[in-house]
1. Can you find a residue in the stretch A:254-266 that is crowded, with 16+ Cβ neighbours inside 10 Å and either among the acidic types (Asp, Glu) or outside the structural domain of A:Arg222 (by TED's automatic domain parsing) (or both)?
2. Being of a type in the set (Lys, Arg) and within 16 Å of A:Leu114 (Cα to Cα) is the filter here, so list the residues in the stretch A:27-83 that pass it.
3. Give me a count of the residues in the stretch A:90-106 that are within 15 Å of A:Val69 (Cα to Cα), more than 8 Å from RNA strand B (Cβ to nearest atom) and not charged (D, E, K, R).
4. Here is a check on your reading of the model: is A:Thr109 within 10 Å of RNA strand B (Cβ to nearest atom), of a type in the set (S, T, N, Q) and farther than 30 Å from A:Phe267 by Cβ?
5. Scanning the stretch A:269-288 for residues that are more than 16 Å from RNA strand B (Cβ to nearest atom) and surrounded by fewer than 18 Cβ atoms within 10 Å (Cβ to Cβ), which turns out farthest from the chain's Cα centre (by Cα)?
6. Can you give me the number of residues within the stretch A:18-40 that are farther than 15 Å from A:Ser145 by Cβ, within 16 Å of RNA strand B (Cβ to nearest atom) and within 40 Å of the chain's Cα centre (by Cα)?
7. Of A:Leu232, A:Leu158, which residue is assigned to a strand (DSSP E or B), of a type in the set (A, V, I, L, M, F, W, C) and either within 11 Å of RNA strand B (Cβ to nearest atom) or without any contact (Cβ under 8 Å) to a residue 60 or more places away in the chain (or both)?
8. Only one of (1) within 30 Å of A:Ala301 (Cα to Cα); (2) free of Cβ contacts under 8 Å to residues at least 12 places away in the same chain; (3) surrounded by 14 or more Cβ atoms within 10 Å (Cβ to Cβ) is not met by A:Ile163, so which one is it?
Amino acid sequence: MIALPRRLCLSFEYELLSQRYQKIRQLEELGFTPYPHKFAFTHTLGEIISRYTGATAEELAAARVGVRVCGRVLTVRRQGRAGFAHLLEGGEKLQIYVRQDAVGYKDFTLYKMLDAGDIIGAEGYLFRTKTNELTVHVERLEFLSKALLAMPEKWHGLQDVEIRYRQRYLDLIANPEVRQVFVTRSKIIAALRRTLEAHGFIEVETPMMQPLYGGAIAKPFRTHHNALDIDLYLRIAPELYLKRLTVGGLDRVYEINRNFRNEGTSFKYNPEFTMLEFYQAYADYRDLMDFSEELLRETAAAARDGETTVQYGEHSIDFKRLARYSMKEAVVEFWPYASTRPKLDDLGDPARVAGLMEAYNRSAEEKIVLPAGASLGESVGLLFEHACESRLIQPTAIYDHPVEVSPLSKNKPDDPAWVERFEIFAAGMELANAYSELNDPQEQRRRFEMASRR
RNA sequence: GGGCGCGUAGCUCAAUUGGCAGAGCAAGUGACUCUUAAUCACUAGGUUGCAGGUUCGAUUCCUGCCGCGCUCACCA
């Protein structure tokens, strides 16, 4: 007998597991191999569907297209000595039709013993049913693997969000459309690499376990190296290592990889998330804005097979071009209350910015609390963040940030209270953050000392 | 970490004012050779998240804990 965790004893799972093991034994006695090494299919289900989706019943009958297919059994509909089943493979579903007089007693016994979740192979020819569904008329069935656990209920499907995210494989079986998420993500990553490579960037991997963590201000995860007996941090950013590589002469360098931040989670925030970070020597933030626009456009086109528009909720977002506003311009442009909309000049005047802050707090449900001793720049930054950020639906670069919140960026040559930095937003969310990287070590030190005094 | 909400069969959900814990699907047996949530009949399946409290009696009311969701804060 199989050793089982105690909690399973006499439970539904135990009963089901026992039944399934018994079915495997019975199939073996019938002459089936319980876990065969391979199955030589002639077509993927996707190939059959794309190739024969337009073929009529008469054309299929005349051609008698022979196929060997395989996949996971989703549903079984039997009536007496014949029946149907749907197979899932490669994200596509195809129906099979099994008759005892066509497959014989042994294979039909296998069909009768099928459970949702089993993996089988089927050999036969294509036809269309009375309801005109493309179907394999099976002449031989092969057993490939048994599902030992119950599949999600077929009508409601798998809905429990916890299970969907913790057991993505189940989600993929029960909700085949989530496969598209994986496919699109893969296309996005590939397109980013392609575009970066086309511009002469070199991909590297830098340490994920770091003795000192840097490059951002998030809280890190801590871990321990036994042989060295030292604590290490999971990185919160690759920044410092990538900068060192530019020092060594990798003038265009990037990394696409995980970062780990020990912070709160939400649908936007994952404690381990993938980030693209790249550095380009001899360029400033305007070059980066141009390149970012191209990166976004090329990536969207690759993910959407040539289109640059993406449907996100109720918004159709077009990545063809990147709108650009300075932060001050954005506060004017995207100010949510018509009666108090500022002019550009107002944002250079502390008294008028303070008035705008009051106007916002009168109109908005959520109030802005200004930190003690906040500068004009910080006030404008907070106004932008609270009043305007969520209103940036189409891809938009917001440039020129206040120096207080940007310790790693070069100052604007004509106004040192502001720095050459931009962030890209779409659908009200931040997509990117970039700047003319500060490379004056004395200024860098001054900034850190200023920040540590605050 | 704060606030709000949820937790009942493997899954999706019921259960009147506090009064015998139920249905559909999934599972087992049987019938059925064009179904697609197949259908029909029968069978089995429960420590109502956990621990206390109130009560003659708790799935229901109260307290604490655990898990999950939403949201705010932190953060990108």
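1. yes
2. A:Arg72, A:Arg77, A:Arg78, A:Arg81
3. Summing the residues that are within 15 Å of A:Val69 (Cα to Cα), more than 8 Å from RNA strand B (Cβ to nearest atom) and not charged (D, E, K, R) in the stretch A:90-106 gives 5.
4. Spelling it out, it is not the case that A:Thr109 is within 10 Å of RNA strand B (Cβ to nearest atom), of a type in the set (S, T, N, Q) and farther than 30 Å from A:Phe267 by Cβ.
5. Filtering the stretch A:269-288 for residues that are more than 16 Å from RNA strand B (Cβ to nearest atom) and surrounded by fewer than 18 Cβ atoms within 10 Å (Cβ to Cβ), the one farthest from the chain's Cα centre (by Cα) comes out as A:Tyr282.
6. Summing the residues that are farther than 15 Å from A:Ser145 by Cβ, within 16 Å of RNA strand B (Cβ to nearest atom) and within 40 Å of the chain's Cα centre (by Cα) in the stretch A:18-40 gives 2.
7. A:Leu232
8. (1)
The values are calculated or read from the model by the stated rules, or taken from the named source; none is laboratory data. These numbers come from a predicted model, not from an experiment. Every residue, glycine as well, gets a Cβ built from its backbone with ideal geometry; the counts of neighbours run over all protein chains shown.
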